[in-house]
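Just below is one structure, and these are the notes that go with it.
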Amino acid sequence: MGDNNTDQDSSRALMDSSNKNNCNNGNASFTKNNKDAENSIDGLRKTIDRLKLYIYALTGIVVAGILILIIVVGVLFGQLSYEVKHHSHQPKVGEQIAKMLEREELCAPCDKVRLGPSPEEDRYLDALTRKNTQDGEQCCVETPKQLLAMLEMFIERRYREEMARGNIKRPVSSPDGTEGKDRPAAHMMGSIRKLEGVNAPGGQYPITNWIYNEDIAFMNNVDYRHGRIVIPEDGYYYVYSQVSFIEVFDVLSKVKNEEDTSSHSLSHYLYRYNIIYRNGGEERLLQNSITKCWGQRKFFGEYSSFLGAVLYFRQGDEVFVKVSNLTLIVREPKLNYFGLFRI
């Protein structure tokens, strides 16, 4: 029994010693891991501090660069403004261009710079030297001022072409001037001014004067351009127009007044124009013709024509009205109107 107790005591002593060694080893390993984690955190903090320092330095450099750029631009602008206001000599660039144009003529087909079908836009070309050749009408430049005018027309034409192709989006604005999503719409009234035109039989003449911002007339998210409504975005639109004519007869002489033409009908058209379309960019959409009424005892003749339809338009299309006789149009705004709205 004594020997057995001794053996048991010895076994317990060995087990206690083993457990103590295991605990010591575990504590040592845990302590080592803690030190490694602390070292990693310290290294990460130092890296973050260095990155912050780099960012602050880079920000300071950028700010300094912007300030220097602003100062340089301000100085250059001030010098340029002073030169423009106080210069007493022709710019050297202008002199060089003038000499070049004296040696060689610069011409382009007028159709390549024409901005639209209206008479007003055709008169823009009068700023250039217009020449009729076998290849058609040519627009030439002979002075730096004419060259600048041609460049402006080229830039405006290119802008309209890119907008018509959808590469440039027209910003949509609401009536209060802020950007919005109001549907495009317009209603215009006829002008009280007498419309001038050649009025040759069989001719077609655009109405280029409309009241678009007075009384009941309005423009919402569309542009007005020389009597044409510019479509801001692709879609289906209802477009409409009414034109009223009046013809006064001289009963005593049994002939009509001086505004008479040899045509026995009056025609009313809706057209669209787009600078990228073929055949000059114009396309007839709708037409209505009225046959005049004749009588020996008639004092006057009144005629009215209405056109309307749902049509698909693309961005950049310009819708306008033509008639066969401008001088017979009634000069009463509400009897002549033209408009559209997107559906």
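Before moving on, here are some points about what is shown:
- Long-range neighbours under 6 Å by Cβ, at least six apart or interchain, first residue in contact (Cβ under 8 Å) with a residue 40 or more places away in the chain within the range 134-157, second surrounded by fewer than 17 Cβ atoms within 10 Å (Cβ to Cβ) and among the aliphatic types (A, V, I, L, M): Val141/Leu106; Pro144/Ala98
- Count of the range 123-150 residues which are within 17 Å of Ile275 (Cβ to Cβ) and within 21 Å of the chain's Cα centre (by Cα): 2
- Among the residues making up the range 313-343, those that are of a type outside the set (A, V, I, L, M), within 15 Å of Tyr269 (Cβ to Cβ) and under 19 Å from the mean Cα position of the chain (by Cα) are Glu318, Phe320.
- Summed over the range 275-291, the residues that are at pLDDT below 95, farther than 16 Å from Gly116 by Cβ and surrounded by 13 or more Cβ atoms within 10 Å (Cβ to Cβ) give a count of 1.
The values are calculated or read from the model by the stated rules, or taken from the named source; none is laboratory data. On a predicted model such as this, the values are computed, not experimentally measured, just so you know. Cβ coordinates were reconstructed from backbone atoms using ideal geometry, including for glycine residues, and neighbour counts include every protein chain displayed.
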